[in-house]
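Below you'll find the structure, written out as structure tokens, and then a few comments.
Here, each number is a calculation from the coordinates, and none is a lab measurement. Note that the coordinates shown come from a computational prediction; the quantities given were computed from them, not determined experimentally. Note that each Cβ is placed from the backbone with ideal geometry, even for glycine, and that neighbours are counted across all protein chains shown.
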Amino acid sequence: MSDDCLGPATAAATETEQLRMELAIAKRRLAEAYQMVSLGRLVAGIIHEINTPIGSILSNNQVILRSLEQLKTVLSAGEPPNAKAFEILETMASLAAVDKLACERISGVIRSLKTFARVDQSDVRKANVHELLTNTLKLTSCEFRRRIIVETDFGDIPEIECYPQLLSQVFLNLLVNAGQAIEGEGRITVRTRSDGEFIVVSISDTGRGIPQEDRQKIFAPGFSTKPVGVGTGLGLALSREIVVDNHGGEISFESEVGAGTTFHVRLPIKADRSKLTAAKPARS
Ligand SMILES: Nc1ncnc2c1ncn2[C@@H]1O[C@H](COP(=O)(O)OP(=O)(O)OP(=O)(O)O)[C@@H](O)[C@H]1O
Ligand SMILES: [Mg+2]
């Protein structure tokens, strides 16, 4: 076969492969959006079921704490004060204080889930990126807890106009990648800072780093060095699409083999709506 014949055939094969990958990204995006909607509905139901009893436990707890204080006053008035009764009161008061903390913790987790799984993702709106990061970190913390220390170094940044749900997906992808790059114990650091009309979120890990020969490929859809079943190679492709096409931002990285990697996500504070692609698959 001559080169003339090979050329168009190769080009067609490349184009088919590219279309296949774009379809894979669109499918994953759809699947993730579907999951978020399902999760949103599920969480809304769970929140409703949990919030009411937690609310009543919290308010009863306040009454108990107040009653114990009153009981203490009543007992002190007695002659002579009963030492054993005081001891029991102290134990009850400290248990009630622990219950209060436990309830507040449950309420905090519920609030995070509520923000993360919010279904109103279709519009650009102002969002607090620190809140998005904190909520995403809470979701990854179970996976990281025993082997990875997570540090945050949050700067003074303004709220930004964005698709909060999609940005949470980007942060989740980057955090999961960072966690997967660390074998055994390590550290992940999440930093934020403002830079003129932009904010920058940097996620660093002390993982294995990205070898020189892979650096050109990591954003390509389908590129993965992970075993089948662990990685589909779409996380970074999707993240780049969300950052660049949906937000008019930039995503870049620096890496040192054996030392770690940092991904930087640069996002405009004010969305330029004329340039933004709506929150749907960018290439149709
Ligand atoms: N923090 C990191 N440290 C080292 N390598 C990384 C890091 N992030 C990404 N990579 C490399 O880039 C490749 C592509 O990442 P990407 O998130 O797109 O896919 P994946 O993680 O392999 O699979 P998926 O995210 O679809 O489950 C990874 O397989 C890995 O080789
Ligand atoms: Mg990934």
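One table, with the values for the structure above:
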item: Largest-first principal axis extents, alpha carbons of the stretch 169-247, Å; result: 40, 30, 24
item: Count of lysine pairs in the chain with Cα separation under 16 Å (8 or more residues apart, or interchain); result: 5
item: Stokes-Einstein D (µm²/s) once Rh is taken as the Kirkwood radius of the chain over alpha-carbon pairs, at 25 °C in 0.890 mPa s; result: 110
item: Ranked packing of 100-111, 151-162, most packed first, by mean Cβ within 10 Å; result: 151-162, 100-111
item: Cα pair distances exceeding 19 angstrom across the stretch 125-268, given as percent; result: 49
item: Degrees, to the nearest 10: 164-181 long Cα axis against longest axis of the chain; result: 80
item: Theoretical FRET efficiency, 1/(1+(r/R0)^6), r = Cβ-Cβ of T52 and L101, R0 25 Å, to 0.05; result: 0.80
